[in-house]
Amino acid sequence: MIGGDGFGGAGQEDAAAWTVREATQALAYDRIGDRYDEAFPHKEGQLYCGKWLLARLPRGARVLDVGCGTGLPTARQLADGGCALTCVDISPGMLEIARRNVPGARFVAMDAVDLGRLPERYDAAVAFFSLLNLPRAAIPRALGQIRDVLVPGGLFSLGMVEADVDNAPIRFLGSRILVTGYLRDDLRTVLGDARFSVEDARTISYVPAKSRASPEVQLFMNCRRL
Ligand SMILES: C[S@@+](CC[C@H](N)C(=O)[O-])C[C@H]1O[C@@H](n2cnc3c(N)ncnc32)[C@H](O)[C@@H]1O
């Protein structure tokens, strides 16, 4: 959890505010549940990243899915590809759905800024549209923790929406959530600062199936821990 341990000098009050923020975000995703997959039924970008990872990982590789959502398609794709999945999310509702969709995976209720508490090290990590729920001030910390739980040379696939916004409230499938984005060059800089090299990048214009969700440009970056 942010606060109390040196993040941006945050104190007890900031820690309490963070706890409330994350509980509110988790509740919003509990309410969204598998309607998320109905709004975004085609996820070519992250399926492409999954293939990119599977082409480079040995069978049995340990993979961490940060903000796994329903587990579809990514956790299932990687589990079907022979990886041992650990799926992390702040939403108990999403974890419950993912548990059904990817029965062989391990599930942990955890905030992306607390990943340093995981005891294992991973050959790869993915974070598709989950870090966009953090404010910009917290994203370097989450990326740093992802880097720290990877083995040297470990792989990391990131999916974000391209937008120059920080911690902006939006209505999404009937729930209010806070979202953050970067322009593509800025996202590369953030990844570089977190000591990831971007080995492959893709940009996709995406029109969600539900008219209530807006068209967006999605950025996918396949990286290696430096
Ligand atoms: C937009 S959904 C994406 C789900 C999935 N990765 C996918 O691409 O289909 C974002 C997910 O990130 C989770 N999430 C949001 N903030 C998080 C945080 N701070 N730590 C961990 N998970 C978080 C949400 O509960 C939700 O399941």
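The values are calculated or read from the model by the stated rules, or taken from the named source; none is laboratory data. Just so it is clear, the structure is predicted and the values come from calculations on it, not from any experiment. Here the Cβ positions follow ideal geometry from the backbone for every residue, glycine too, while neighbour counts run over all protein chains shown. Accessible surface is based on the protein model in full, side chains and every heavy atom, while ligands, DNA and RNA are left aside. Shrake-Rupley method; radii C 1.70, N 1.55, O 1.52, S 1.80 Å.
Taking each residue of the range 131-150 that is farther than 19 Å from CYS68 by Cβ and assigned to a helix (DSSP H, G or I) and looking for partners that are at pLDDT 95 or above and within 11 Å of the ligand (Cβ to nearest atom) with beta-carbon atoms closer than 9 Å, six or more apart or interchain, yields ARG136/THR180; ARG141/ALA112; ARG141/VAL113; ARG141/LEU134; ASP148/LEU115. Does the range 66-85 hold any residues that are farther than 22 Å from ILE32 by Cα, part of a strand (DSSP E or B) and open to solvent by less than 20 Å² (accessible area, probe 1.4 Å), and which are they? Once the filter is applied, which keeps residues that are farther than 22 Å from ILE32 by Cα, part of a strand (DSSP E or B) and open to solvent by less than 20 Å² (accessible area, probe 1.4 Å), the range 66-85 yields only LEU85.
Considering the range 29-53, and only residues there that are surrounded by 19 or more Cβ atoms within 10 Å (Cβ to Cβ) and aliphatic (A, V, I, L, M), the residue that is modelled with the lowest pLDDT turns out to be ILE32. One residue stands out among those in the range 86-116 that are touching a residue at least 60 places away in the same chain (Cβ under 8 Å) and near the ligand (Cβ under 7 Å from one of its atoms): the one that is most open to solvent (accessible area, probe 1.4 Å), which is ILE90. The set of residues from the range 170-226 being of a type outside the set (Gly, Ala, Ser), outside any loop (DSSP other than H, G, I, E, B), open to solvent by 10 Å² or more (accessible area, probe 1.4 Å) and farther than 27 Å from ASP123 by Cα comprises ILE170, ARG171, PHE172, ARG176, LEU178, VAL179, TYR206, GLU216, VAL217.
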